[in-house]
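Engineer: Next up is a structure, given as structure tokens.
The values are calculated or read from the model by the stated rules, or taken from the named source; none is laboratory data. Quantities reported herein were computed from a predicted structural model and do not represent experimental measurements. Neighbour counts are summed over all protein chains in view; Cβ atoms, including those assigned to glycine, are modelled from backbone coordinates with ideal geometry. What goes into the accessible areas is simple: the full protein's heavy atoms, side chains included, and nothing from ligands, DNA or RNA. Shrake-Rupley method; radii C 1.70, N 1.55, O 1.52, S 1.80 Å.
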Amino acid sequence: MSLGIRIFAVYFLFVGLASWFVLNTVMEEIRPGVRQSTEETLVDTANLLAEILRDDVRSGNLAQSQLPELLEAYGRRQPQANIWGLTKSQVNHRIYVTDAFGRVLLDSSGRAVGQDYSRWNDVYLTLRGDYGARSTREDPDNPDSSVMYVAAPILDREEIIGVVSVAKPNQTLQPYIDRSQRRLMWLGVGLVVLGLLVGALLSWWLGRSLGKLTQYAQAVSAGQRVEPPKMSDGELGQLALALEQMRSELEGKNYVERYVHTLTHELKSPLAAIRGAAELLDSEMPADQRRRFISNIQQETSRLQQLSERLLHLVQVEQRQGLEEREAIPLAHLVEELLQARQARITAGGFSVEWAVEDTLRLYGERFLLNQALANLLDNALDFTPQGGLLRIGAGRCEGWIEICLYNQAEAIPEYALARLTERFYSLPRPSGGRKSTGLGLNFVKEVAELHGGELTIANVERGVEVRLTLPAD
């Protein structure tokens, strides 16, 4: 299981449990919260009625007053009130009044007049001077049939002369409770989904960033030339920078060790030749032989100079992980400049050069590197082309790539050498003189091609060799 999935799983578990706990707690608090606010309203109503009924209860004229007719008219009212989207079409309060002994004097429902209510908590507690309230089921088997009763004392100065109770069925509050619970449920589900989406996005971003770092580390381990992933500032950015610094230090150490070995090996032959020729020059010898040894020293010195210069260029390219700049380079103009710079050599060798490059073709990259790469290919082709041989240069666009083909008339390359031509310090004897080159030219071209995202291929074709340099078109 990937780290991103594990992070999301933990986040999902945490959000799920926290959301369930909060929603469950709030859902359970809605019902008592609504009933508490309703009870508070019933308290106000009961105390208001207690003040209104005080004179009629004290005089004993409650039954002869207009209050029974008013309560009956009150029960028939249809308010048709729209309360937060819910319609209230009838009144639901029940009001009854008892004397100081708990006997019902007046009942808006008309069913309890004359009954003894002194044992009901609302009346019993109020007559004792306490807060009187109760909740009683009208149907003992139906939990939704409970009714809230709140009573207030009717006072004659300090004496309790009666009790007025206001009742409201809890079932009339249920639509408001259900509506609040539904809205809260939808809101909670929406918040949970939003939280999970944020968690999924965070997990994806973190997993993707770590995946980039993993791919970068794997590519570096495989010896590929890759740029470090671009990360935002923070711990991941610091980790990417630390990986890049570690790669540079490790590659630098290995690079120096490898080059010391290879360079030492390559320097042995020319240094031994120079030393041998110098020792022989100390002795007496004919003039023509002396000139030959001096010529050998000059050739080996030139070879050492070429080796050091090309090795320096190659080191600069190999240590880079990307291009410093990109510009559009007209390919036809570049080829023409390279051919003109070697016109003297072409004329001296009697070479036939054919080239056809469209003026619209553009290479995108570093001019210096591409110029050096094409120059190395052209010099290599001239070295292996026999006197009076043919060179052919062509280029074209193919599915987002630009292919540069350089053909030179020459003997076929041995099969064992084809796969090794781009290796560092590997070279074949030149037809003229049989001497080897530094073995760094084609390796340099390969590094430049890979640095630009392209590739170099070398193959034997009919009556010659073809080198194909493929580079991105943009």
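Engineer: Under 5 Å between amide H atoms, partner at least 5 residues away or on a different chain: which partners does residue 106 have, H built in plane at 1.01 Å?
Structural biologist: 97
Engineer: Ordered by residue, what ³J(HN,Hα) values in Hz, to whole numbers, does segment 356-373 give under the Karplus form 6.51 cos²θ - 1.76 cosθ + 1.60, where θ = phi - 60° and Gly and Pro are x?
Structural biologist: 8, 10, 5, 5, 7, 6, 10, 9, 10, x, 8, 4, 4, 5, 5, 5, 5, 5
Engineer: Determine which aspartates and glutamates satisfy two conditions relative to residue 168: a Cα distance under 18 Å, and not lying fewer than 8 residues away in the same chain.
Structural biologist: The qualifying aspartates and glutamates are 39, 40, 44, 72, 107, 122, 138, 139, 144, 178.
Engineer: Follow-up. Name the long-range amide H neighbours of residue 147: under 5 Å, sequence gap of 5 or more, or other chain; modelled H, no Pro or chain starts.
Structural biologist: Residues meeting the amide H criterion: 136, 137, 138, 170.
Engineer: For 8, 444, 101, write out the residues from largest to smallest accessible area, computed with a 1.4 angstrom probe and no ligands counted.
Structural biologist: Solvent-accessible surface, decreasing: 101, 8, 444.
Engineer: Right, next: So what is the accessible area of segment 68-218 per residue, in Å², with the probe set to 1.4 Å?
Structural biologist: Result: 60 Å² per residue.
Engineer: Give the shape of segment 1-59 as rounded, prolate or oblate, defined through the alpha-carbon gyration tensor: a ≥ b ≥ c are the square roots of its eigenvalues, a/c under 1.5 means rounded, and otherwise the shape is prolate if a/b is larger than b/c and oblate if not. Before the final figure, lay out each step's value.
Structural biologist: Numbers: a/c = 14.49, a/b = 10.15, b/c = 1.43.
Verdict is prolate for segment 1-59.
Engineer: So for each of 197-206, 17-26 I average, over its residues, the number of other beta carbons within 10 Å; can you give me the resulting order with the highest mean first?
Structural biologist: 197-206, 17-26
Engineer: Same structure again: Amide H to amide H, which residues 5 or more places from residue 390 or on other chains are under 5 Å from it, using H placed in the peptide plane?
Structural biologist: Those qualifying (amide H under 5 Å, at least 5 residues apart or on another chain) are 352, 409.
Engineer: Here is a further query. With θ taken as phi - 60° and the coefficients 6.51, -1.76 and 1.60, list the Karplus ³J(HN,Hα) couplings across segment 60-69 in order, rounded to whole Hz; mark glycine and proline as x.
Structural biologist: Result, ordered by residue: x, 9, 5, 5, 8, 7, 7, 4, x, 5 Hz.
Engineer: For labels at residue 214 and residue 101 in the simple 7 Å Cα→Cβ model, what's the distance in nm?
Structural biologist: Calculated label separation equals 8.9 nm.
Engineer: Sticking with this one: Cα extents of segment 1-155 along the three principal axes, largest first, in whole Å?
Structural biologist: The Cα atoms of segment 1-155 stretch 85, 37, 31 Å along their principal axes.
Engineer: Continuing with the same structure: So if each residue of separation counts as 0.36 nm, and I subtract the Cα-Cα distance between residue 390 and residue 6, what length gain in nm does that give?
Structural biologist: Length gained, residue 390 through residue 6: 131.8 nm.
Engineer: Let me ask something additional. How large is ³J(HN,Hα), in whole Hz, for each residue of segment 30-44 in order, when computed from phi with the Karplus curve 6.51 cos²θ - 1.76 cosθ + 1.60 and θ = phi - 60°, using x for Gly and Pro?
Structural biologist: Couplings: 5, 4, x, x, 5, 5, 5, 5, 5, 4, 4, 5, 5, 4, 4 Hz.
Engineer: Rounded to the nearest 0.05, what FRET efficiency do residue 412 and residue 200 give with R0 = 51 Å and r taken as the Cβ-Cβ distance? Could you check?
Structural biologist: E(calc), rounded to 0.05, equals 0.30.
Engineer: Rounded to a whole number, what % of the accessible area of segment 71-166 do carbon and sulfur atoms account for, probe 1.4 Å?
Structural biologist: 46
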